Amino acid sequence: MTVYDPPTSDAPTISVKEVLDDPGLDLDVSVVAGHGGLDRLIDHPRIQKSGLCLVGHTHGLVPSRIQVLGETELSFCETLDEEGRRRAVRHMYEQKLACVLVTRGVDPPQAFRDEAKRTDTPLVVCIQRSSLAITALHTLLDERLAPRRRVHGVLVDVFEVGVLLVGSSGIGKSECALELVMRGHRLVADDVIECDYRPPGMVFGEPAGVLRHHIEVRGLGIINIKDLYGVTAIRERKRVDLVVELEFWNEERSYDRLGIDDRYYEILGVPIREHVVPVRPGRNMSSIIEIAARQELLRQAGHHPSREFIDRLEAGMARPRSELPVPQLPSDRPGAGSPPTHKPVRMPPHRAPIPVTANESAVPPPVDRKRGS
């Protein structure tokens, strides 16, 4: 009997039985042989078409992936004689496979049943065709085998931008999130965020268990955002698009004042754009985070305001002095010598300017009250 070697990596795994019993698997499947191996582990989110293995080519075969046999592979087995078929199937099952899935509801040849029993390799028959079975398996395994990591912080949906607030405990992340909710944005998770990776290069966050819809505010305790503000104030899951790290103002640290260079925060191997924002009295942090979210939308659309400003500034400084526009004096403008089109305004006698001599002060003389009366 072939000895099964379980996966040795630290990647997430799922047993064959868990896959077949999962309510999210929208397939009609049944185990026809190898029931003793249902506890075998799958650690790869993609299936494998192992037709070449039947002709002896095993290069690139990953035993911990679900092996799918469709109409093409089974029709090839039908062309072999009985001895050749058993030899090909035996060579395939000796690779210590986790599971073999036959599509289109085809009854597998007896050689497959015999080898499945001998090696305790689950042999599963699926009613759906190969394309539908592969799509359903990929969808389920992407969810169950996604790399995961817990992150301490607050995740908020601001203008459809997933903003992750991180920083030391007590700096005001939850209070800032509460202010954003009051401004009409949505809370995803507070304190503990369950992050998972999704191809190609995306990280999603959701609340952890009993913390869903709750937020902790020092002095008030734990409050339920859904009960206070309704379902429009919460979101169950959101992609992390931007990280804002809050830290106490440090006079000795030089903070970014131009925004030219991009800074990144890595989660599950995915670099996510990050801003380090200092916190001190007088700064409206919720407004700053809203601006950061709007700026992220501009960058996703292909605009980088800081770099565009610097480019215009450098372009102006690089132009020769002779090419710079020369301001025109009134006498140099066209039509400067033509007579004015408006009539001169004559000042009333009582508002005529008072002549000032060199020995007199510029302060107007006192009003003669007798004369004025």
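All but one of (1) surrounded by fewer than 19 Cβ atoms within 10 Å (Cβ to Cβ); (2) on the phi > 0 side of the Ramachandran plot hold for GLY167; state the number of the condition that does not hold.
(1)
When residues of region 193-216 are filtered for being over 17 Å from the mean Cα position of the chain (by Cα) and closer than 18 Å to VAL243 by Cα, how many remain?
Selection size over region 193-216: 0.
Could you check PHE309 against (1) under 14 Å from CYS176 (Cα atoms); (2) modelled with pLDDT under 90; (3) among the hydrophobic types (A, V, I, L, M, F, W, C) and say which number it fails?
Failing condition for PHE309: (1).
Just checking, how many residues over region 147-186 are acidic (Asp, Glu) and within 18 Å of the chain's Cα centre (by Cα)?
Here the count works out to 2.
Is it the case that region 198-207 has a residue that's touching an Asp or Glu at 6+ places or on another chain (Cβ under 6 Å) and not assigned by TED's automatic domain parsing to the domain that holds ARG46?
yes
Here is a check on your reading of the model: is LEU80 more than 25 Å from PRO12 (Cβ to Cβ) and in a loop (DSSP other than H, G, I, E, B)?
Yes.
May I ask you to list pairs of residues, at least six apart or on different chains, whose Cβ atoms are under 9 Å apart, with the first in region 66-91 being in contact (Cβ under 8 Å) with a residue 60 or more places away in the chain and assigned by TED's automatic domain parsing to the domain that holds GLY105 and the second being of a type in the set (A, V, I, L, M) and surrounded by fewer than 17 Cβ atoms within 10 Å (Cβ to Cβ)?
Between residues of region 66-91 that are in contact (Cβ under 8 Å) with a residue 60 or more places away in the chain and assigned by TED's automatic domain parsing to the domain that holds GLY105 and residues that are of a type in the set (A, V, I, L, M) and surrounded by fewer than 17 Cβ atoms within 10 Å (Cβ to Cβ), the close pairs are GLY70/VAL106.
The values are calculated or read from the model by the stated rules, or taken from the named source; none is laboratory data. Quantities reported herein were computed from a predicted structural model and do not represent experimental measurements. Cβ sites come from the backbone with ideal geometry, for glycine too, and all protein chains shown count toward neighbours.
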